[in-house]
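Have a look at the structure below, then the notes.
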Amino acid sequence: YKPQPKQNIFHSAQADVVLFGGSAGPGKTTALLMDALIYVLENPGTTACLMRRTFPELEASLIKKSLEMFPMEICRYNSAKHQWTIQVGDVKSYVVFVHCERADDVHKHRSAEWQYLGVDESTTFSWEMLEYLFTRVRSARKGARCKIRLCSNPGLLGHGAHKKYFAIGERDPYVAWQPPKATGDKYDPPTRAFIPATIFDNPALIENDPTYLSRLEALPEGLKRMLLY
């Protein structure tokens, strides 16, 4: 895996909650998958959860890519559990794949404890679903700082909530920031950052499939603005 510049920015982001968002094709899904693997390798004994709204989407993207990219020398996949076990020495870590097709499916994970949560195409989820899933990200393991990472194109169900949460268009991208505490709150809100990216940040895709750009350009204006720019 050789991350491109925007993927490197995503991997090195220090905010608690990061959105890697923008057009189709900048390598968001690959970056999310590999970020989860990097996390469990750097924090042995932890669990990373990777999520899409439906299982067919999960299987066709994150699971398929993981079978192509994860190093089999230390990684073993259980297709029944949709789970990777990553073993280094005597310590096991896990990357699990989860979907929440219906809004109340999030409650199936009320006992879950993930140290890393990565949601691909996060605007397909309502913000209420995401907020509940965020509560499953916790760690009793000293030194393992929890991470929440979202990747998405613009539009769809959660678009407005994402824009508001990350103050897109109001704050400089890339820079981590923290909103003030609400009246009566004891604890600081999580830090957050938005990393914008377009297909032009993925020259490998343009080189391998030069007609993809022309197909995006041929879309109706609204879809073109969303998926190309």
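The values are calculated or read from the model by the stated rules, or taken from the named source; none is laboratory data. Since we're looking at a predicted model, the values are computed, not measured. Counting neighbours? That spans all protein chains shown, and the Cβs are built from the backbone with ideal geometry, glycine included. In case anyone asks, the SASA skips ligands and DNA or RNA and just uses the protein heavy atoms, side chains included. Shrake-Rupley method; radii C 1.70, N 1.55, O 1.52, S 1.80 Å.
The table below lists the values:
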| read-out | value |
| --- | --- |
| Condition check for Ala31: assigned to a helix (DSSP H, G or I), open to solvent by less than 10 Å² (accessible area, probe 1.4 Å) and aliphatic (A, V, I, L, M) | yes |
| Region 43-62: number of residues that are surrounded by 12 or more Cβ atoms within 10 Å (Cβ to Cβ) and either over 23 Å from Cys146 (Cβ atoms) or not hydrophobic (A, V, I, L, M, F, W, C) (or both) | 13 |
| All positions within region 43-65 that are in a helix (DSSP H, G or I) and either at pLDDT below 95 or in contact with a helix residue (DSSP H, G or I) (Cβ under 6 Å, 6 or more places away or on another chain) (or both) | Ser61, Leu62, Lys65 |
| Residue list for region 162-173, restricted to those being open to solvent by 100 Å² or more (accessible area, probe 1.4 Å) and closer than 18 Å to Ser152 by Cα | Lys163, Lys164 |
| Subset tally (residues that are open to solvent by 10 Å² or more (accessible area, probe 1.4 Å), assigned to a loop (DSSP other than H, G, I, E, B) and under 25 Å from Arg225 (Cβ atoms)) for region 105-154 | 4 |
| Residue satisfying all of: in region 181-201; over 16 Å from the mean Cα position of the chain (by Cα) and aliphatic (A, V, I, L, M); most open to solvent (accessible area, probe 1.4 Å) among these | Ala182 |
| Residues of region 175-216 satisfying the condition of being modelled with pLDDT of 95 or more, in contact with a strand residue (DSSP E or B) (Cβ under 7 Å, 6 or more places away or on another chain) and in a loop (DSSP other than H, G, I, E, B) | Val175, Ala176, Pro190, Thr191 |
| Out of Ser126, Ser61, Ser79, sole residue that is among the hydroxyl-bearing types (Ser, Thr, Tyr), without any contact (Cβ under 8 Å) to a residue 60 or more places away in the chain and farther than 23 Å from Leu157 by Cα | Ser79 |
| Region 175-204 residues that are in contact (Cβ under 8 Å) with a residue 24 or more places away in the chain and among the hydroxyl-bearing types (Ser, Thr, Tyr), paired with ones that are open to solvent by less than 30 Å² (accessible area, probe 1.4 Å) and part of a strand (DSSP E or B) (beta carbon under 9 Å, 6 or more apart) | Thr191/Val17; Thr198/Gly22 |
| Single residue of region 90-104 satisfying the filter (touching a residue at least 12 places away in the same chain (Cβ under 8 Å) and under 18 Å from Phe55 (Cβ atoms)) that is surrounded by the most Cβ atoms within 10 Å (Cβ to Cβ) | Val95 |
| Test: residue in region 1-22 that is without any contact (Cβ under 8 Å) to a residue 12 or more places away in the chain and outside any helix (DSSP H, G or I) | yes |
| Lone unmet requirement of (1) open to solvent by less than 80 Å² (accessible area, probe 1.4 Å); (2) within 30 Å of His107 (Cα to Cα); (3) in a loop (DSSP other than H, G, I, E, B) for Leu219 | (2) |
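Residue-wise test of (1) among the small types (Gly, Ala, Ser); (2) closer than 28 Å to Leu41 by Cβ.
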residue: Glu101; (1), (2): no, no
residue: Ser111; (1), (2): yes, yes
residue: Leu117; (1), (2): no, yes
residue: Trp127; (1), (2): no, no
residue: Ser139; (1), (2): yes, yes
residue: Lys142; (1), (2): no, yes
residue: Ile148; (1), (2): no, yes
residue: Ala161; (1), (2): yes, no
residue: Lys164; (1), (2): no, no
